[in-house]
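Taking it in order: structure first as structure tokens, then the write-up.
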Amino acid sequence: MKNARTGSFRDAQPGSSWLERLRISLGLSSSADAGSACDAIAPLDQAKRLAAALLSERGEASGAVVARELHDVLRDLEADDRRRFQRYLATNFLPDAAALRAAAQIYLAGATAESAARLAQAADPPRQELLRRMNMAPGGTSALVAMRKELAAHLRDEPVLKSLDGDLKHLFASWFNRGFLELRRIDWQSPAALLDKLIAYEAVHEIQGWDDLRRRLAPDRRCFAFFHPALPGEPLIFVEVALVEGLAGAVQPLLVQDGDDDTARQRARRADTAIFYSISNCQDGLRGVSFGNFLIKQVVEELKAELPHLTRFSTLSPVPGFRRWLTTLADASEAEAAALTELKTDAWWRDASRSEALRPWLMHRCATYLTREVSSKPPIDPVARFHLGNGARLERINWLGNAAPRGIEESFGIMVNYLYDPGTIEANHETFAHDGTVVRSPDVDALLIARQRRQSPLSSSA
């Protein structure tokens, strides 16, 4: 064992002697001449003993120091031993079965607020308190977020880890409450380390190096991110915005590098629409903890204050589940099956006649896909659920809005505008949340009621 780790207790102030005695009682070390005894204990066992001590009364007395020692040990574990430690957390530190049973019986005998509170307290696993105490160490939050990221790769093969994952998600939902988040604008003057992270974390439209990033931070662009004080310098989620005239229907023109800063400023002054064209979650360990709904709404307010001439706020969004849904339709006709075969050919979208023949059918089918009931199978498109649940309106479906390989692969190049109208956001949200009704524009309704002619979807007159 490294001397530096042993010293982390000895150097602690105040109470080093107490901490040294704790290490002796745990069998982790004794005095300075007992290094051989320390070395005899496997690092995984050291982590388990420290976890148990952290949850004890002794751990409560000096939790930050014990938690720091535990994180030091975990940081040096091999990947297999870290997994074993995660299994140890998942299968231990469970609620007291007798106390939980007694609390449940009391609640069933008389469902009062007091008995409900006692039942909830009895059901709360001690593991959550252990995780809270692990969070007291410097860098504890970051370490726990990293732990959950690591867990994600093994949940399918090891269902036993799901309880630990669920506890971490539950705690993160509180720790990363909107009240703790700070919205910051990111521009070309932001620290280089942060700009580098934007390139790494961009998950929708890959940033092709520093020149591409500079274009995305030009005067007719905006970028905003949420930060948390426990993860300094680490964006949690960021959104990229283009200031344009009219409702943008294709993403490639937004990404092209054209003109200088003065030209970009002139475009920003003429702009009447803010297009949210990329939203990227940055921390895999925080998946399922929602930030995007707060981010978009707050950015709308920021842009309205800065640029009062903007009258429209809309996304330009992918449709990631459309291709998968369409290619697995059970009721596809013979003509549709032929069209699906055509869509497998190379570069069909670059041939104007082939593309136009497929367009009416695909647009109708995409409108159908996006307006299905929430309870339908497979589930509603995840991007649609996110924006509709936030109160946006399904405004327009755009043909070949993204002709990049990923766009073709996901949705045959189709992209969608979800309109955020500040005056109707709450009503739209309530409508969607109440019965799953998709609030949509007349343009989308026109696609829904359109009926294919008898000709094949491949017919140029279709």
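The values are calculated or read from the model by the stated rules, or taken from the named source; none is laboratory data. Computed from a prediction, not measured in an experiment: that's the story for all the values here. Cβ coordinates were reconstructed from backbone atoms using ideal geometry, including for glycine residues, and neighbour counts include every protein chain displayed. Please note that ligands, DNA and RNA were not included when accessible areas were found on the heavy atoms of the full protein model with its side chains. Shrake-Rupley method; radii C 1.70, N 1.55, O 1.52, S 1.80 Å.
Give me the helices (runs of 4 or more DSSP H) completely within region 180-272, filtered to those with at least 1 residues that are without any contact (Cβ under 8 Å) to a residue 40 or more places away in the chain and either among the hydroxyl-bearing types (Ser, Thr, Tyr) or closer than 27 Å to GLY140 by Cα (or both), ordered by residue number.
On the way: elements: 192-201, 209-216, 252-255, 261-270.
In region 180-272, 192-201, 261-270 are the helices (runs of 4 or more DSSP H) which contain 1 or more residues that are without any contact (Cβ under 8 Å) to a residue 40 or more places away in the chain and either among the hydroxyl-bearing types (Ser, Thr, Tyr) or closer than 27 Å to GLY140 by Cα (or both).
Determine which single condition LYS344 fails, assuming it passes every other condition in (1) open to solvent by less than 60 Å² (accessible area, probe 1.4 Å); (2) over 27 Å from the mean Cα position of the chain (by Cα); (3) modelled with pLDDT under 95.
All conditions are met except number (1).
Of all residues in region 314-328, which are open to solvent by less than 10 Å² (accessible area, probe 1.4 Å), in a loop (DSSP other than H, G, I, E, B) and within 13 Å of LEU400 (Cα to Cα)? Give the steps one after another, and end with the answer.
Here is the first cut: in region 314-328, the ones open to solvent by less than 10 Å² (accessible area, probe 1.4 Å) are 314-317, 319, 321-322, 326.
Still in the running and in a loop (DSSP other than H, G, I, E, B): 316, 319, 321.
Result: LEU316, VAL319.
Would you check if there is a residue in region 358-369 being out of contact with any strand residue (DSSP E or B) (no Cβ under 6 Å at 6 or more places or on another chain), open to solvent by 30 Å² or more (accessible area, probe 1.4 Å), within 28 Å of ILE296 (Cα to Cα) and not charged (D, E, K, R)?
Looking through region 358-369, at least one residue is out of contact with any strand residue (DSSP E or B) (no Cβ under 6 Å at 6 or more places or on another chain), open to solvent by 30 Å² or more (accessible area, probe 1.4 Å), within 28 Å of ILE296 (Cα to Cα) and not charged (D, E, K, R).
Please find, among LEU70, LEU50, LEU54, LEU108, the residue that is in a helix (DSSP H, G or I), more than 16 Å from LEU130 (Cβ to Cβ) and aliphatic (A, V, I, L, M).
The conditions single out LEU108.
Please name all residue pairs, on different chains or six or more residues apart, with Cβ atoms under 6 Å, provided the first residue is in region 382-397 and is within 13 Å of VAL444 (Cβ to Cβ) and the second residue is in a strand (DSSP E or B) and charged (D, E, K, R).
LEU394/ARG440
Looking only at region 145-164, decide whether some residue is closer than 18 Å to LEU55 by Cα and either buried (at least 20 other Cβ atoms within 10 Å of the Cβ) or in contact with a Lys or Arg (Cβ under 7 Å, 6 or more places away or on another chain) (or both).
Within region 145-164 (the criterion being closer than 18 Å to LEU55 by Cα and either buried (at least 20 other Cβ atoms within 10 Å of the Cβ) or in contact with a Lys or Arg (Cβ under 7 Å, 6 or more places away or on another chain) (or both)), the answer is yes, since at least one residue qualifies.
So which residues in region 374-402 are under 29 Å from LYS344 (Cα atoms) and assigned to a strand (DSSP E or B)?
Those that are under 29 Å from LYS344 (Cα atoms) and assigned to a strand (DSSP E or B): LEU394, GLU395, ARG396, ILE397, ASN398.
Could you tell me which residue of region 371-387 is nearest to TYR277 (Cα to Cα), considering only residues that are of a type outside the set (A, V, I, L, M, F, W, C) and surrounded by 17 or more Cβ atoms within 10 Å (Cβ to Cβ)?
Of all residues in region 371-387, those of a type outside the set (A, V, I, L, M, F, W, C) come to 371-373, 375-379, 381-382, 385, 387.
Next cut, surrounded by 17 or more Cβ atoms within 10 Å (Cβ to Cβ) only: 371-372, 381, 387.
Working: THR371: 21, ARG372: 24, ASP381: 17, HIS387: 13 Å.
Of everything passing the filter in region 371-387, HIS387 is nearest to TYR277 (Cα to Cα).
Scanning region 115-143 for residues that are among the basic types (Lys, Arg) and open to solvent by 20 Å² or more (accessible area, probe 1.4 Å), which turns out nearest to the chain's Cα centre (by Cα)? Before you say what the answer is, go through the steps one by one.
Narrowing region 115-143 to residues among the basic types (Lys, Arg): 118, 127, 132-133.
Cutting the leftovers down to open to solvent by 20 Å² or more (accessible area, probe 1.4 Å) gives us 118, 132-133.
Details: ARG118: 33, ARG132: 22, ARG133: 25 Å.
Among those that are among the basic types (Lys, Arg) and open to solvent by 20 Å² or more (accessible area, probe 1.4 Å), it is ARG132.
Which of the residues belonging to region 221-254 are acidic (Asp, Glu) and crowded, with 21+ Cβ neighbours inside 10 Å? Steps first, answer last, please.
Step one: of region 221-254, the residues acidic (Asp, Glu) are 234, 240, 245.
GLU240, the sole residue that qualifies.
Out of region 283-296, which residues are touching a residue at least 60 places away in the same chain (Cβ under 8 Å) and either more than 29 Å from HIS228 (Cβ to Cβ) or open to solvent by 10 Å² or more (accessible area, probe 1.4 Å) (or both)?
GLN283, ASP284, ARG287, GLY288, VAL289, ASN293, PHE294
Hey, can you tell me all the residues within region 330-349 that are of a type in the set (Asp, Glu) and assigned to a helix (DSSP H, G or I)? Before you say what the answer is, go through the steps one by one.
Taking region 330-349 as the starting set, the residues that turn out to be of a type in the set (Asp, Glu) are 331, 334, 336, 342, 346.
GLU334, GLU336, GLU342, listed by residue number.
State the number of residues belonging to region 186-220 that are open to solvent by 70 Å² or more (accessible area, probe 1.4 Å) and in contact with a Lys or Arg (Cβ under 7 Å, 6 or more places away or on another chain).
1
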